[in-house]
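Notes to accompany the following structure.
The values are calculated or read from the model by the stated rules, or taken from the named source; none is laboratory data. From a predicted model like this one, the values you see are computed outputs, not experimental measurements. With ideal geometry, Cβ positions are generated from the backbone for all residues, glycine too; neighbour counts draw on all protein chains shown.
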């Protein structure tokens, strides 16, 4: 998995000569942690986005994990000399395919470093999950990731 991240970073550096950091458009990358897999993000406005993942969960029983979240970003809390660091929160849903499949509500909280001069963001998030099916149960997910944004 680390090789994939290295290749994405190298590709972004090579392609970043004429592309500015993105706070718009569509990005694809990897998410590592709970869950681990493919991540995507689509900006719907200058402060809102939809993100999602098709990933693998290693908690309890290994299982396919699918989620989508609607995110609100605050660009004003952390000002940096280079790049941007919006903090975000949101609301979404998760489907976890295992022996007793789970459907739950996600409340992601995180930050995304938008790299200056490159079409990349690097994110870190903590996500409380309230499973509703097959029964009510609380879980905590957390992950880091990187995404390449297409111009």
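A few comments on the model shown:
- Lone qualifier among 64, 32, 38, 87 - being modelled with pLDDT of 95 or more, surrounded by fewer than 21 Cβ atoms within 10 Å (Cβ to Cβ) and in contact with a helix residue (DSSP H, G or I) (Cβ under 9 Å, 6 or more places away or on another chain): 32
- The residue list 53, 49 contains one member that is closer than 18 Å to residue 113 by Cβ, in contact with a strand residue (DSSP E or B) (Cβ under 9 Å, 6 or more places away or on another chain), surrounded by 15 or more Cβ atoms within 10 Å (Cβ to Cβ) and at pLDDT 90 or above, which is 49.
- Verdict on residue 115 being touching a strand residue (DSSP E or B) at 6+ places or on another chain (Cβ under 9 Å), without any contact (Cβ under 8 Å) to a residue 40 or more places away in the chain and surrounded by 15 or more Cβ atoms within 10 Å (Cβ to Cβ): no
- Counting only strands (runs of 3 or more DSSP E) that sit wholly inside the stretch 89-151, those with at least 2 residues that are farther than 26 Å from residue 62 by Cβ are 109-114, 120-133, 137-150.
- Subset tally (residues that are surrounded by fewer than 20 Cβ atoms within 10 Å (Cβ to Cβ) and farther than 11 Å from residue 103 by Cβ) for the stretch 118-134: 4
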